[in-house]
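The values are calculated or read from the model by the stated rules, or taken from the named source; none is laboratory data. Predicted model, so just to flag it, every value in this text is computed and none were measured. Note that we place each Cβ from the backbone using ideal geometry, even for glycine, and neighbour counts take in every protein chain shown.
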Amino acid sequence: MQSFSATELDRAAALLLNGGLVAFPTETVYGLGADASSASAVSRIFEVKGRPKGHPLIVHAASLESAMPLASEWSETARELAAAFWPGPLTLILPASPLALDEVTGGQRSVGIRVPGHPVALGLLQAFAKVGGSGWLAAPSANVFGAVSPTRAQDVVRSLGGRMGEGDAVIDGGASSVGLESTIVDCTVSPPRVLRPGGIPREAIDAVVRLADSEVAKRQSAPRVSGSLASHYAPRTPLKLMSQEEMHKCLAQLQSAPKRIAVWCLGDETDPQGRALIAQLNASANCELLLAPAQPDAYGQQLYARLNDWDQAGFDEIWLERPPEGLAWEAVLDRLGRASGG
Ligand code: TXA
Ligand code: MG
C-alpha cells in the first residue's frame, strides 16, 4: 500500500485507472474507493473489507452533472435535495440506470449516489475523470467490515494497511470535519424516507422536501428502539452506554478490580451531580477520563477517533455517558446504539 499526500491526486488517479483501490478523505469518513464502472475493481473492495457480497455501495461523483447518468430518473425531490445539500454529507437512493453495475447496487434496481464536500475527494474524482477514468468512485467506509469507521488516514492504515496491495494507496487529507457517515434518503418512494441518520439533520431535509408526514415529529418525542439495531460500527473493546447514576454504581463496583477503563463524560460543570461524578472519576485509579463535547456536531466529529484511539490503547472497557435524547443527537445516538450492541 502506498501513502500519498493531498497534492498527489494524479498518482492516485493513475492507480484507480489500473483497477487499484484508493482510500480517500471525505467530510464524513474516509472511503475505500474503486472505479465504479469496473466490476473487477469493485469486487476488490469486498475482498479487502471482508464485506459480504450483495451489500450495496455508494457511488461518489464530482458533481450532479457527472452523477446524472447513474440514475434512470431524477425526480423533482431528488433534484431539490441535490441542489440544497451537494456537495455534502447526503446520499440519495435513486432508480439505477444500466450504468450502475450489479456489483455496486447489490443487484438492486436502485443506486446510492453522493457528491462529497471534501476538496481532496472532489479533486480525486476530477483527476480520475481527467486521466480518462469514469469519474465515479464506489466507496464504503475504509475499515474492516463491522468495525468503527475511520476519520483519519492513520485509522485506515491500522484497519486495512495489511490487506491492501502494492497498487493501492491511502491519501492523507487530515481529520474528517463531520466525522459520522452521510444521511441516506430513499427517493424511490414518495414521500422520501431517511434510511440512515447522518451528517445532514432530518429537520434540514424536511425543510426542503416534506418527509413522510409525521416522521420528524414522531422522532422528536418517541424513545429510540435500540433493540432493533444491528451491532455495527463497534470497537473491539466492550463499550457501555450509561447514565450518570449507572456510572456511579459501576465505579463503586470497580474499586478492587484491576480493570482499565476509558471514560467519556459530557461534563456539565454547571450541574452539581455531574461535577461530583467527574471528581470521582478523576480520583479513580482505574479510569482515564476525557470530557466529551456537549454539542452534537462536535461530539459526532470526535466520536470515531476516540473509539479508534481507545481500541488501540488496549483498555478493558469504554464507558460513555449517554447523550440526551432528541433529534439533534439522532445520528450520534444511532451510532452509539450500534457500537454498544444495541
Ligand atoms: O458518509 C458516507 O456515506 C461514507 C463515505 C465514504 O461516503 N460511506 C459509507 O458507506 O458510509 P458504507 O458502505 O459504509 O455505507 C453505505 C450504506 C449502507 O448502509 C448501504 O446499505 C446503503 O448505504 N446503500 C447503498 N446503496 C443503497 C441502495 N441502493 N439502497 C439502499 N441502501 C443503500
Ligand atoms: Mg461503513
Q.
If a residue must be within 15 Å of ligand 2 (Cβ to nearest atom) and either farther than 14 Å from S141 by Cα or in a helix (DSSP H, G or I) (or both), how many such residues does the stretch 29-51 contain?
A. 4
Q | Flag if V157 is within 14 Å of ligand 1 (Cβ to nearest atom) and of a type outside the set (D, E) | A | no
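Any idea which of I171, I184 is within 16 Å of ligand 2 (Cβ to nearest atom), outside the structural domain of L307 (by TED's automatic domain parsing) and outside any loop (DSSP other than H, G, I, E, B)? I'd like the intermediate steps shown before the answer.
Numbers: I171 fails: within 16 Å of ligand 2 (Cβ to nearest atom).
One residue alone meets the criteria, I184.
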(Q) I need every pair where a residue in the stretch 93-115 that is free of Cβ contacts under 8 Å to residues at least 24 places away in the same chain has its Cβ under 7 Å from the Cβ of a residue that is of a type in the set (A, V, I, L, M, F, W, C), sequence separation at least 6 or different chains. (A) R109/A96
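Name every residue in the stretch 64-91 that is of a type in the set (G, A, S) and surrounded by 15 or more Cβ atoms within 10 Å (Cβ to Cβ), in order of residue number. Step through it out loud before you land on a result.
The initial filter retains those residues of the stretch 64-91 that are of a type in the set (G, A, S), namely 66-67, 71-72, 75, 78, 82-84, 88.
S66, A67, A71, S72, S75, A78, A82, A84, G88, listed by residue number.
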Q) Does the stretch 309-330 include one or more residues that are farther than 30 Å from P258 by Cβ, in contact (Cβ under 8 Å) with a residue 40 or more places away in the chain and of a type in the set (G, A, S)? A) yes
Q | Residue, nearest to T28 (Cα to Cα), within the stretch 285-324, restricted to residues that are of a type in the set (D, E, K, R) and not in a loop (DSSP other than H, G, I, E, B) | A | D297
